[in-house]
Amino acid sequence: MTVRTEIKDGVALVTLDRPERHNAVDLATAAELAATWQAFRFDDTVRAVVLTGAGGRAFCTGIDRSAEVPQPSSPYSLDDPLLHIGPKANDLWKPVIAAVEGMACGGAFYLLGEAEFLVASENATFFDPHTTYGMVSAYESVHMAQRMPYGEAARLALMGTAERLGASRAYRIGLVSELTAPGAAAEVALRRAAVLAAQPTEAVQGTVRALWTAHEATRAQALAHAPQLIALGSLSPDRQAALFAARKRDGGRGAGQDGHPLVR
C-alpha cells in the first residue's frame, strides 16, 4: 500500500507513503487515491480530511517517471493517470486540507488544486518542471491559476525548474493559508480539520459545494482544452527523456544566473 489512512474523531489523515520516491504517484498509487476518496463518500465517520506526504522531504513530486501510460494518437484524447487522484474528481465534497512539507511540484497540483485550503511548513517549496522538459503544463496551470494571481501562476508554470516558490511567498499571495514550523504542517492541519469535523456535516459539505460552484464552470471549460494542448505542444517522449537525462547530468540545477533555482 502506498496510501495510508488513519481515521480518528471524524478526521481522516491520508498520507502518500512513497518517501523513497519523494511521494511521486505511480499507477498503483493513483488507483489507491481514487479508491480512498470513493470510500470516504460512503463513510459517515469521515467528516474532514487532511492530505499529506510521508518523510518530510516532499508532499508529492507528481507522476513517477517510471510509470508507462500508452497514449492514443489523437490530439483530442489523453490518458492521464492523475486525472482521478483528487477528491473532487471522485465526487467527494467533504472538506480536504493539504498539509505540505518540502517539495510540491508538477502533478502534485492536481491534489493541491482540489483541496479546500493549504497549510504549509516554512520549508515548503512549489514548482512546475513541465516547460523545462518540453511538456505543456495544462492541468497543473489550470489548477494553480484558480488559486493564485494570474502573474504568479504564469511565472510558476513558464519558468520551469528555474523557479521555486517558497512558503512565505506562497502565503503572501494566498496559495497557502497558514504557515507552520518545519515538521508541523500535518499537526496544524489536523487541528483545523477537527474544527470542520465538529460542525454540522450538512452545512459544511453544502458550503464546500457552494465554494466550488463559484468557479466550476470556468475550471471545467479550461480543463476540456488540456488534452489537445498537451498533445500538440509537448515534445516527443524521446526528446523529453533526453532533456531529463541532461538535467540529471547537470545536477538538476535551475536556470538562475548563478546556476541555481530562483527561490522567492
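The values are calculated or read from the model by the stated rules, or taken from the named source; none is laboratory data. Predicted, not measured: the structure shown is a model, and the values here were computed from it. Virtual Cβ from ideal backbone geometry, glycine too; neighbours counted across all protein chains shown.
Selection of the range 142-191 for residues being among the hydroxyl-bearing types (Ser, Thr, Tyr) and farther than 28 Å from Leu229 by Cβ yields Ser168, Tyr171, Ser177, Thr180.
Let me confirm something: among Leu211, Leu229, Leu158, which residue is touching a helix residue (DSSP H, G or I) at 6+ places or on another chain (Cβ under 8 Å), in contact (Cβ under 8 Å) with a residue 24 or more places away in the chain and not acidic (Asp, Glu)?
After ruling out the rest, the residue left standing is Leu158.
Exactly one residue out of Asp26, Asp43, Asp79, Asp17 is touching a Lys or Arg at 6+ places or on another chain (Cβ under 8 Å), over 20 Å from Ala184 (Cβ atoms), surrounded by fewer than 22 Cβ atoms within 10 Å (Cβ to Cβ) and not β-branched (Val, Ile, Thr): that is Asp26.
The lone criterion from (1) surrounded by 15 or more Cβ atoms within 10 Å (Cβ to Cβ); (2) at negative phi left unmet by Gly55 is number (2). For the range 105-139, a residue qualifies if it is of a type outside the set (A, V, I, L, M, F, W, C), in a helix (DSSP H, G or I) and either farther than 26 Å from Val50 by Cβ or touching a residue at least 60 places away in the same chain (Cβ under 8 Å) (or both), and the qualifying residues are His130, Thr131, Thr132, Tyr133, Tyr139.
The single condition from (1) over 30 Å from Arg191 (Cβ atoms); (2) touching a His at 6+ places or on another chain (Cβ under 7 Å); (3) hydrophobic (A, V, I, L, M, F, W, C) that Ala67 fails is (2).
Considering Val136, Val142, the condition of being crowded, with 17+ Cβ neighbours inside 10 Å and either within 28 Å of Lys248 (Cβ to Cβ) or of a type outside the set (A, V, I, L, M) (or both) is satisfied by Val136 alone. Screening Gly56 against (1) within 13 Å of Ala186 (Cα to Cα); (2) not hydroxyl-bearing (Ser, Thr, Tyr); (3) not in a loop (DSSP other than H, G, I, E, B) leaves a single unmet condition, (3).
Of the residues making up the range 214-264, those that are over 19 Å from Glu163 (Cβ atoms) and modelled with pLDDT under 70 number 0.
Each row is one residue, and each column tells you yes or no for (1) surrounded by 18 or more Cβ atoms within 10 Å (Cβ to Cβ); (2) more than 18 Å from Ala115 (Cβ to Cβ); (3) touching a His at 6+ places or on another chain (Cβ under 8 Å); (4) not aliphatic (A, V, I, L, M).
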{"position": "Leu175", "(1), (2), (3), (4)": "yes, no, no, no"}
{"position": "Thr180", "(1), (2), (3), (4)": "yes, no, no, yes"}
{"position": "Thr201", "(1), (2), (3), (4)": "no, yes, no, yes"}
{"position": "Leu211", "(1), (2), (3), (4)": "no, no, no, no"}
{"position": "Ala226", "(1), (2), (3), (4)": "yes, yes, no, no"}
{"position": "Ser236", "(1), (2), (3), (4)": "no, yes, no, yes"}
{"position": "Arg239", "(1), (2), (3), (4)": "no, yes, no, yes"}
{"position": "Phe244", "(1), (2), (3), (4)": "no, yes, no, yes"}
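Here is a yes/no grid of residues against (1) touching a strand residue (DSSP E or B) at 6+ places or on another chain (Cβ under 6 Å); (2) assigned to a loop (DSSP other than H, G, I, E, B); (3) on the phi > 0 side of the Ramachandran plot; (4) of a type outside the set (Lys, Arg):
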residue	(1), (2), (3), (4)
Arg65	no, yes, no, no
Ser74	no, yes, no, yes
Asp80	no, yes, no, yes
Leu83	no, yes, no, yes
Ala98	yes, no, no, yes
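When we screen Leu232, Leu156 for residues that are surrounded by 14 or more Cβ atoms within 10 Å (Cβ to Cβ) and either over 25 Å from Pro129 (Cα atoms) or not charged (D, E, K, R) (or both), the only hit is Leu156. Based on what the data block shows, is Ala214 in a helix (DSSP H, G or I), on the phi < 0 side of the Ramachandran plot and within 17 Å of the chain's Cα centre (by Cα)? Spelling it out, it is not the case that Ala214 is in a helix (DSSP H, G or I), on the phi < 0 side of the Ramachandran plot and within 17 Å of the chain's Cα centre (by Cα). Test Val69 against the criterion of being buried (at least 18 other Cβ atoms within 10 Å of the Cβ) and β-branched (Val, Ile, Thr), and give yes or no. No; evaluated as a whole, the condition is false for this residue.
Among the residues of the range 1-35, the ones that are charged (D, E, K, R), in contact (Cβ under 8 Å) with a residue 24 or more places away in the chain and closer than 30 Å to Pro200 by Cα come to 3 in all.
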